[in-house]
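What follows is a single structure, written as structure tokens, with notes after it.
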Amino acid sequence: MKRSVAILVYEGAEVLDFSGPFEVFAVTSELNEDALFDVSIVAATLAPVRSVNGMLVTPNKTYADLPNPHILVVAGGSGSRKAMLDPELLAWTKEAAQTAEVVLSICSGARILGALGMLADREVTTHHQVFDHLQEIEPTARLNHNARFVDTGRIITTGGISAGIDGSFHVVARLLGQSIAEKSAAYMEYSWSPTMDYARP
């Protein structure tokens, strides 16, 4: 089955938070004849969005275009503080998450899931500088300060920035098998293994 992947971006999103997962899912699809994923960058409109460091990214789908993706990826970045208060963004994220097979938050994208009550009573991780704020947003969340990513079933949270790549490979391995994930990692020349130590130094 070809799965739709919606990667949510907004003003102030971190570049690697959305480009890393995009590469993992797109490369996996490219290397397999079945075209396993249809990957989209999603925002409120198709207008270019400025990332946290000024890079412009042009979404190719709007909220209305992709209301029910199979995989929802919520990027983080300093802009997540504002994004977590955006009613339109929250409404789309909530609807998309309700039917998604997997919801993957990258870095401080956990703020957005926390604002929606999706991290209540869950073990989660996020960027090391965001733990205190995430605990304020969702006091019942059980913070894992050492994990590269935390898989609680349908909701997966990752540590900061580059950890989103590991979380994305984990999703690929979980849905399609370890060999497919390893094939993509080898192509990307990325050192990934499901048995590696995911603890941050």
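Taken together, the values in this text are just the output of simple stated rules run on the coordinates, not laboratory data. Note that the structure is a prediction, hence the values are computed from the model and not measured. All Cβ positions, glycine included, derive from the backbone under ideal geometry; neighbour counts span all protein chains shown.
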- Interchain or sequence-distant (5+) residues whose placed amide H lies within less than 5 Å of the amide H of Val124 are Arg142, Leu143, Asn144
- Query: Projected area of segment 150-195, taken from the Cα convex hull and averaged over every viewing direction, in nm²?
  - Reply: 3.2 nm²
- Using the charge dipole of segment 3-187 (Lys, Arg: +1 at Cβ; Asp, Glu: -1 at Cβ; taken about the Cα centre), state which of Leu8, Met55, Leu89 has its Cα farthest towards the positive end. Leu89
- Message: Give me the net charge for the shell around Glu138: Cβ to Cβ below 11 angstrom, other residues only, Lys and Arg +1, Asp and Glu -1.
- Response: +1
- Item | Loop sites in segment 1-75: GluC sites (Glu not before Pro), DSSP, at most 10 other Cβ within 10 Å | Glu33
- Item | Extension reserve of the Asp65-Glu11 stretch, reckoned as 0.36 nm per residue once the Cα distance is removed | 17.5 nm
- Fewest-first sequence of Val73, Val15 by Cβ atoms within 10 Å of each Cβ: Val15, Val73
- Contact order relative to length for segment 1-129, counting C-alpha pairs under 8 Å separated by 6 or more residues, stands in percent at 26 percent
- Task: Identify all lysines with a Cα-Cα distance to Lys82 below 24 Å; exclude those on the same chain that are fewer than 8 residues away in sequence.
- Result: Lys61, Lys94
- Query: Within the chain, which complete DSSP H helices have Cα atoms spanning at least 15 Å along the helix axis and a mean Kyte-Doolittle hydropathy of -1.0 or higher?
  - Reply: 15-30, 87-99, 163-176
- Rounded to the nearest 500, what is the 222 nm mean residue ellipticity of the chain from helices alone, with -39500 (n - 2.57) per DSSP H run of 4+ residues and division by all residues? -10000 deg cm²/dmol
- Query: Along its principal axes, what span do the Cα atoms of segment 3-187 show, with the longest given first and each in whole Å?
  - Reply: 45, 36, 31
- Task: With only Lys, Arg, Asp and Glu charged, each at its Cβ (+1 for the first two, -1 for the last two), find how big the charge dipole of the chain is about the Cα centre; round to the nearest 20 debye.
- Result: 220 debye
- Item | segment 140-175 and segment 95-135: distance between their alpha carbon centers, rounded to Å | 10 Å
- Tell me, what ³J(HN,Hα) does each residue in segment 126-131 have, in order and in whole Hz, if you take phi through Karplus 6.51 cos²θ - 1.76 cosθ + 1.60 with θ = phi - 60° and put x for Gly and Pro? 6, 4, 4, 8, 10, 3
